[in-house]
Amino acid sequence: MTTKPILQANALSRKYQQPDTELSVLDGINLDINRGETLAINGVSGSGKTTLLNLLGGLDDPSAGSVHVCGTDWNDLDTSARAAWRNQHIGFVYQFHHLLGEFSALENVALPCLIGGASVAAARNRASKLLARVGLGERLNHQPAALSGGERQRVAIARALVTEPSVVLMDEPTGNLDPTTAA
C-alpha cells in the first residue's frame, strides 16, 4: 500500500522582482516528505532556505509550482482557509522566536490551541505540559522579556508542537540554545 507524502513540493519556484532584474531564489524544487521522516536543509546564508520553508508552510506564494500538505494544495485555499489549515497541520519554529511580548510563556504556547478551537483549560493544560517538557515548568508565567534567548526559543519550540501538527518546519531552531539543550 502506497501512502501519499505528508508534505510535497512540485516544480516549486520563487522569483523576486528587483528594480532592474528578476532574482530567482528557488527554481523547480521537487520534494516528498513522508510521515515520520526528518529532513535537514543546509546551505549558505541567502541560499533560499527560509524562502523554501515559508513556501512549504504556506506563508508565501510560489512564483510557480505547488505545495501539498496532507494532500491539500496551498494554491486551492483562500487566506482564511490557509490559516486554519496551517493551524491544524503546521508547526513553525522561526529563526527568531516571534513571541508575543505582552503574553506569558504559557499564553504564547496555548495560543495556537485557542485559535484552533480548544477550550482555555485544555489549551493551558497542553501548553504547561510542553513547557515542562522543554524545562520551563517553573517559568510558565514569565513574559518573554524575563526569559533568556534560549528560554524564548524553547517556548517557541513548545508553541510549534502544542497542536500536535502533521509537519513541523524549523528555521535554525537551536541557534540560541546551548549544545546540551539543543540535543
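Listing for the model above:
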quantity: Karplus-derived HN-Hα couplings along region 101-118 (A = 6.51, B = -1.76, C = 1.60, θ = phi - 60°), whole Hz, x at Gly and Pro; calculated: x, 8, 9, 6, 4, 4, 5, 4, 6, 6, 3, x, 5, 5, 4, x, x, 6
quantity: Helix 149-161 axis, angle to the chain major axis (alpha carbon atoms, nearest 10°); calculated: 70
quantity: Backbone HN-Hα couplings from phi across region 31-36 [Karplus 6.51/-1.76/1.60, Hz, Gly and Pro as x]; calculated: 7, 10, 10, 8, 3, x
quantity: Share, in percent, of DSSP beta bridges within the chain that are antiparallel, nearest 5; calculated: 80
quantity: Partners for Lys129 among lysines (Cα-Cα distance below 21 Å; same-chain residues under 8 apart left out); calculated: none
quantity: Per-selection Rg to Rh, region 89-183 - Cα, Kirkwood hydrodynamic radius; calculated: 0.93
quantity: Against the rule of thumb 2.2 N^0.38 Å, how large the Cα Rg of the chain comes out; calculated: 1.09
quantity: Accessible area (Å², per residue) of region 94-183, counting only protein heavy atoms and a probe of 1.4 Å; calculated: 53
quantity: Accessible surface of region 71-144, 1.4 Å probe, proportion on carbon and sulfur as whole %; calculated: 53
quantity: Asp27 long-range amide H proximity, modeled H, under 5 Å; calculated: Arg14
quantity: Semi-axes of the equivalent ellipsoid for region 13-89, Cα gyration tensor, largest first, Å; calculated: 23, 17, 10
quantity: Residues of region 36-76: accessible area per residue with a 1.4 Å probe, Å²; calculated: 52
quantity: Loop-located trypsin sites (Lys or Arg not before Pro) in region 2-46 whose Cβ has at most 15 other Cβ within 10 Å (DSSP); calculated: Arg35
quantity: Hits among lysines - C-alpha to C-alpha of Lys49 under 21 Å, sequence gap 8 or more where chains match; calculated: Lys15
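The values are calculated or read from the model by the stated rules, or taken from the named source; none is laboratory data. Since we're looking at a predicted model, the values are computed, not measured. Glycine gets a Cβ as well: all are built from the backbone with ideal geometry, and neighbour counts include every protein chain shown. Ligands, DNA and RNA are stripped out before the accessible areas are found, and what is left, the full protein with its side chains, is counted by its heavy atoms. Shrake-Rupley method; radii C 1.70, N 1.55, O 1.52, S 1.80 Å.
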